[in-house]
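Asker: Have a look at the structure that comes next, please.
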Amino acid sequence: MEWRIINAAEYGHPQRRRRIYIFAYHKSTNYYKSLKKTSPFNIISKDGVFAKEFPIEEVNAKAIKEFDFVKDYKDLVEVSDKFHATFENAGYMIGDKVYTVKTKAIETAPITLGDIAETNGVDGHYFLSESQRKKYEYLRGSKKIPRKDKNGFEYMYSEGAMSPYDELSLPARTMLTSEGTTNRSTHIINDPKEDKLRILTPVECERINQFPDNWTNSGMPEKRRYFMMGNALVCGIIKKIGNQINRIIDKED
């Protein structure tokens, strides 16, 4: 089994969406048999399914951490009670042994919000009213709010300030399922045509995840379209992983 935490924007895609991807395979496969003869260093750095599509800077072989569930722990209870090893952003597990190391992407210039934004004008309901603008200023601003938990414990809830709007020169932030609501995480852009603040359109959200335009325009409510895209993965990442899986399948019996 291999894993990698991949930030889509680091590999040329239009969203700073960081997700963990896991690729597992049965020990009866030719792929497993070939990797069993390969060092963990080579699997993580150049021969594994992720290394081939998502290149990384050179890994120091001595930095790879190794731990053994059978050798280091006598049973699952002990694993649960005493496990303390750190899983880094890349790694490989075979049998009971785990190898993991922190890696750094060889970055590709990303697609930006400006590249995917509608430039010919959008419907008026996407633009912020004065009251909405003030609401977003509050939500995205820094704040300290006294709160009390269910046990009566008083504490101070704090949030740091965000930019009042999202820069068109950057890829999108991670889109959440709350994108279609008035929320701190909702994207706000300066419309390229009107030079006024607005939320994203459903089509722009689809483009951020690299779906075809109007992919979610199936009759569902607009807020549901935003939710669907907040719950999606970046298609370009999945396509690259799929390319490698196809090559692996082609080499199976």
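No lab work stands behind these numbers, since they all come straight from the coordinates. Keep in mind the model is a prediction, meaning the values are calculated, not measured. Positions of Cβ are backbone-derived with ideal geometry, glycine not excepted, and every protein chain shown enters the neighbour counts.
Asker: Under the rule a/c < 1.5 gives rounded, and otherwise a/b versus b/c splits prolate from oblate, where does the range 135-253 land using the Cα gyration tensor?
Answerer: Prolate shape, in that a/c is at least 1.5 and a/b is the bigger ratio.
Asker: Within straight cross-link reach of residue 143, meaning Cα distance under 18 Å, which lysines are found once same-chain residues fewer than 8 apart are removed?
Answerer: Candidates past the 8-residue exclusion: 134, 135.
Asker: Suppose each label sits 7 Å from its Cα in the direction of the beta carbon; what would the residue 239-residue 165 distance come out to in nanometres?
Answerer: In this crude spin-label approximation the distance works out to 3.0 nm.
Asker: If you average the sequence gap of Cα pairs under 8 Å that are 6 or more apart and divide by the length of the chain, what percent do you get for the contact order?
Answerer: 21 percent.
Asker: I've got another one for you. Anything over 22 Å Cα to Cα? Flag those among 36/62; 37/239; 33/82, in the order listed.
Answerer: 37/239; 33/82
Asker: In Å and whole numbers, how far do the C-alpha atoms of the range 1-132 stretch along each principal axis, longest first?
Answerer: On the principal axes, the range 1-132 reaches 63, 34, 30 Å in Cα extent.
Asker: Right, next: Residue by residue through the range 107-112, which ³J(HN,Hα) values in whole Hz follow from phi under the Karplus form 6.51 cos²θ - 1.76 cosθ + 1.60 (θ = phi - 60°), with glycine and proline marked x?
Answerer: So the Karplus estimates, Gly and Pro as x, are 7, 10, 4, x, 6, 9 Hz.
Asker: Further, regarding this structure: Normalised by the number of residues in the range 82-155, what is the relative contact order in percent for Cα pairs under 8 Å and 6+ residues apart?
Answerer: 13 percent
Asker: I'd like the distance separating the alpha-carbon centroids of the range 135-206 and the range 1-79, in whole Å.
Answerer: Going from one Cα centre to the other spans 34 Å.
Asker: May I ask you to evaluate 6.51 cos²θ - 1.76 cosθ + 1.60, the Karplus curve with θ = phi - 60°, for each residue of the range 15-26 and list the ³J(HN,Hα) values in order in whole Hz, giving x for glycine and proline?
Answerer: Once θ is set to phi - 60°, the couplings for the range 15-26 become 8, 7, 9, 9, 9, 8, 10, 10, 10, 10, 8, 6 Hz.
Asker: On to the next question. Per DSSP helix of 4 or more residues, -39500 (n - 2.57); summed, then divided by the residues of the chain. What does that give at 222 nm, rounded to the nearest 500?
Answerer: The helix-only estimate for the chain comes to -7500 deg cm²/dmol at 222 nm.
Asker: Normalised by the number of residues in the range 133-253, what is the relative contact order in percent for Cα pairs under 8 Å and 6+ residues apart?
Answerer: Relative contact order, the range 133-253: 19 percent.
Asker: Normalised by the empirical 2.2 N^0.38 Å for globular proteins, what value does the Cα Rg of the chain take?
Answerer: My calculation over the Cα atoms of the chain gives 1.25.
Asker: Work out, step by step, the length gained on full extension between residue 76 and residue 123: first 0.36 nm times the residue separation, then minus their alpha carbon distance; give nm to one decimal.
Answerer: 11.2 nm
Asker: Tell me the label-point distance for the pair residue 29, residue 131, using the 7 Å Cα-to-Cβ offset, in nm and rounded to one decimal.
Answerer: Result: 5.5 nm between the two label points.
Asker: Taking the chain as the reference, fit the longest principal axis to its C-alpha atoms, fit the long axis of helix 130-140 to the helix C-alpha atoms, and give the angle between the two in degrees, 0 to 90, nearest 10.
Answerer: That works out to roughly 30 degrees.
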